[in-house]
Amino acid sequence: MSVTKIYIPRETSAVSVGADEVAIEIAREAKRTGAHIELIRNGSWGATWLEPLVEVEVGGTRIAYGNVSASDVPGLFAAGLVDGGEHDRRLGPINEVPYLINQDRWTFWRCGLIDPISLEDFRLHQGFKALEKAFVGGAAAVIDAVTASGLRGRGGAGFPTGIKWRTVAETDADQKYIACNADEGDSGTFSDRLLMEGDPLGLIESMAIAGFAVGASKGYIYLRSEYPLTYSILSRALDIARDGGWLGANIQGSGFDFDIELHLGAGSYVCGEETAMLESLEGKKGIVRYKPPLPAHEGLFGKPTVVNNVVTLGSVPNIVNLGAERYAQMGVNRSKGTLAFQLGGNIRRGGLVEKSFGVTLRELIDDWGGGTASGRPVKAVQVGGPLGAYLSAEQLDITLDYETFIDIGAMIGHGGIVVFDDTANMAQQARFAMEFCAIESCGKCTPCRIGSTRGVEVIDRMIAGENREENYDLLVELCDTMEAASLCAMGGMTPYPVRSILKHFAEDFAASGDDR
Ligand SMILES: Cc1cc2nc3c(=O)[nH]c(=O)nc-3n(C[C@H](O)[C@H](O)[C@H](O)COP(=O)(O)O)c2cc1C
Ligand code: SF4
């Protein structure tokens with residue numbers, strides 16, 4: 001008796017649009033019709049606009065059905081779902097869906113493909129092969145490979161990962177730590193979550209490799225509290241890894257000890273800043289620390305600590321497996337490899353697109369995103385979260401890489417791309433940037449704590465049409481002060497979105513009130 005495998009994501013965005021109900025209905029319908037099926041709750045492929053995305057394995061090919069709702073299920077069974085039958089929802093083989101095949105899936109390649117909480121499936125798909133290879137080649141070889149790959153931090157600052165790891169490796173200490181930053185607070189971003197829900201064992205392997213490379217025996221994942229499903233999937237994966245001998249003492253007889261603790265965040269944006277995160281991990285209030293000392297010298301509990309973003313870490317196993325050169329060949333300038341771009345806001349086909357650096361915003365928004373959801377023209381695009389600049393429609397052919405973005409006073413950050421159509425009021429967005437900073441500021445330094453509140457007031461006066469020119473000059477001066485004198489990028493980069501709006505969308509201030 002043959003059993004048909006049916007995949008339905010157990011991933012936050014899919015679940016939010018009914019994936020659990022679809023799974024229940026498919027199980028019920030299979031029972032009613034006597035179909036022999038095995039339900040697998042995979043991660044998401046990242047095409048969130050197609051969720052719930054159901055796949056049926058027929059003759060070794062996975063046939064995809066998009067936007068399936070529970071009420072579609074009886075009709076799908078009647079149309080021969082278990083044999084990959086024709087239906088309005090049928091998209092064809094998953095490996096022929098254009099949104100997916102034109103990507104460069106280096107870090108996210110197992111997302112959607114495997115059962116995230118099956119050690120067997122993970123092992124069948126290269127799981128723990130890179131860690132085994134690291135044990136054979138030695139710690140120095142891992143650091144050399146990461147350095148040669150050109151991998152830079154995906155959390156926002158783009159710092160070279162190999163240099164960070166080498167610094168920790170070369171710092172003498174009785175204890176070192178790996179701290180995985182999974183706070184993912186940037187607006188419009190979800191790549192960390194997608195990776196953790198779709199390939200949690202991959203993150204565990206990545207952290208173990210980092211620990212082995214720098215001589216750390218303990219890792220922490222600082223997970224944002226707004227991700228309850230991720231928490232349950234990661235907890236399960238940690239248990240599975242421990243039971244399988246891939247975490248704990250003397251991993252697979254290698255002599256290397258490593259374990260990971262999962263820690264829920266404090267629900268504050270600034271806790272994603274690495275030193276505030278370390279404070280929070282230590283059980284204190286999440287307030288930014290002065291640097292130096294760098295976390296690589298004195299981090300968690302005063303010990304040398306690698307702080308890396310989820311996607312940064314997740315890029316490492318394939319660098320070890322496939323070689324640094326392969327990674328370094330992708331991308332442009334000093335922006336090597338791929339970035340997980342996340343399309344959100346007013347966009348027809350939102351989702352994750354992993355692509356080499358050098359792709360343009362227009363390609364992402366038009367070719368993958370299908371333009372705005374409203375069908376109206378694009379007015380502005382905010383790249384890099386709440387501290388990122390807004391680009392105008394004239395800037396869509398700019399290539400996405402760290403250097404080009406720095407040159408235009410913008411940043412790529414964590415790869416969030418939020419699209420606005422021509423109905424957006426950019427003066428309100430400028431106000432929002434300052435207000436966000438005022439709400440989320442940790443309060444340690446004056447330019448950020450006080451400056452952001454004054455910034456809201458100045459913008460309110462501009463919007464009301466009060467002494468607009470005078471207030472404009474004041475706002476520019478305030479932005480300069482915040483950028484120059486803030487202790488961290490929260491206050492230091494809030495001027496980016498504000499300035500970009502003054503530069504490209506100044507008319508929105510004029511439109512919002514009479515000059516008095
Ligand atoms: C206000 C603020 C919030 C941040 N939030 C995050 C975050 O949510 N996740 C993250 O990985 N990095 C965040 N960062 C960047 C971290 O400070 C740090 O650069 C990063 O975790 C280092 O890892 P990477 O080198 O792998 O990017 C934030 C920085 C600032 C200033
Ligand atoms: S810039 Fe803002 S968030 Fe950063 S240390 Fe100063 S007050 Fe805190």
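Which residues, counting only those in the stretch 1-36, are surrounded by fewer than 19 Cβ atoms within 10 Å (Cβ to Cβ) and either at pLDDT below 95 or of a type in the set (Val, Ile, Thr) (or both)? Hits for the stretch 1-36 are Met1, Ser2, Val3, Thr4, Val17, Ile24, Thr33. Residues that are within 23 Å of Gln342 (Cβ to Cβ) and open to solvent by less than 20 Å² (accessible area, probe 1.4 Å) do occur in the stretch 236-251. Filtered by the rule that a residue be among the small types (Gly, Ala, Ser), open to solvent by 10 Å² or more (accessible area, probe 1.4 Å) and closer than 19 Å to Gly413 by Cα, the stretch 154-170 gives Gly155, Gly156, Ala157. Answer yes if at least one residue in the stretch 430-444 is away from ligand 2 (no atom under 11 Å from the Cβ), among the acidic types (Asp, Glu) and within 21 Å of Gly286 (Cα to Cα), and no otherwise. Yes, some residue in the stretch 430-444 is away from ligand 2 (no atom under 11 Å from the Cβ), among the acidic types (Asp, Glu) and within 21 Å of Gly286 (Cα to Cα).
Contact map, the stretch 280-296: first residue open to solvent by less than 80 Å² (accessible area, probe 1.4 Å), second residue of a type in the set (Asp, Glu) and not in a loop (DSSP other than H, G, I, E, B), Cβ cut-off under 6 Å, separation 6 or more or different chains; pairs are Gly286/Glu279; Ile287/Glu279; Pro295/Glu274. Can you find, within the stretch 252-279, the residue that is surrounded by the most Cβ atoms within 10 Å (Cβ to Cβ) among those that are more than 15 Å from ligand 1 (Cβ to nearest atom) and part of a loop (DSSP other than H, G, I, E, B)? Looking at residues that are more than 15 Å from ligand 1 (Cβ to nearest atom) and part of a loop (DSSP other than H, G, I, E, B), I get Phe256.
Among the residues of the stretch 409-447, those identified as open to solvent by 10 Å² or more (accessible area, probe 1.4 Å), in a helix (DSSP H, G or I) and of a type outside the set (A, V, I, L, M) are Gln428, Gln429, Arg431, Phe432, Glu435, Phe436, Glu440, Thr446, Pro447.
Can you confirm whether the stretch 314-333 contains a residue that is on the phi > 0 side of the Ramachandran plot, in contact (Cβ under 8 Å) with a residue 40 or more places away in the chain and crowded, with 19+ Cβ neighbours inside 10 Å? Yes, because at least one residue in the stretch 314-333 is on the phi > 0 side of the Ramachandran plot, in contact (Cβ under 8 Å) with a residue 40 or more places away in the chain and crowded, with 19+ Cβ neighbours inside 10 Å. Scanning the stretch 49-82 for residues that are open to solvent by less than 40 Å² (accessible area, probe 1.4 Å) and in a strand (DSSP E or B) yields Val54, Glu55, Val56, Arg62, Ile63, Ala64, Tyr65. The test for being surrounded by fewer than 21 Cβ atoms within 10 Å (Cβ to Cβ) and either aromatic (Phe, Trp, Tyr) or within 16 Å of ligand 2 (Cβ to nearest atom) (or both) does not hold for Phe405.
If you filter the stretch 473-492 down to residues that are free of Cβ contacts under 8 Å to residues at least 40 places away in the same chain, surrounded by fewer than 16 Cβ atoms within 10 Å (Cβ to Cβ) and not β-branched (Val, Ile, Thr), you find that the one that is nearest to ligand 1 (Cβ to nearest atom) is Ala484.
The values are calculated or read from the model by the stated rules, or taken from the named source; none is laboratory data. None of the values given here were measured: they were computed from a predicted structure. Note that we place each Cβ from the backbone using ideal geometry, even for glycine, and neighbour counts take in every protein chain shown. Remember, those area values only see protein heavy atoms, side chains included, never the ligands or the DNA or RNA. Shrake-Rupley method; radii C 1.70, N 1.55, O 1.52, S 1.80 Å.
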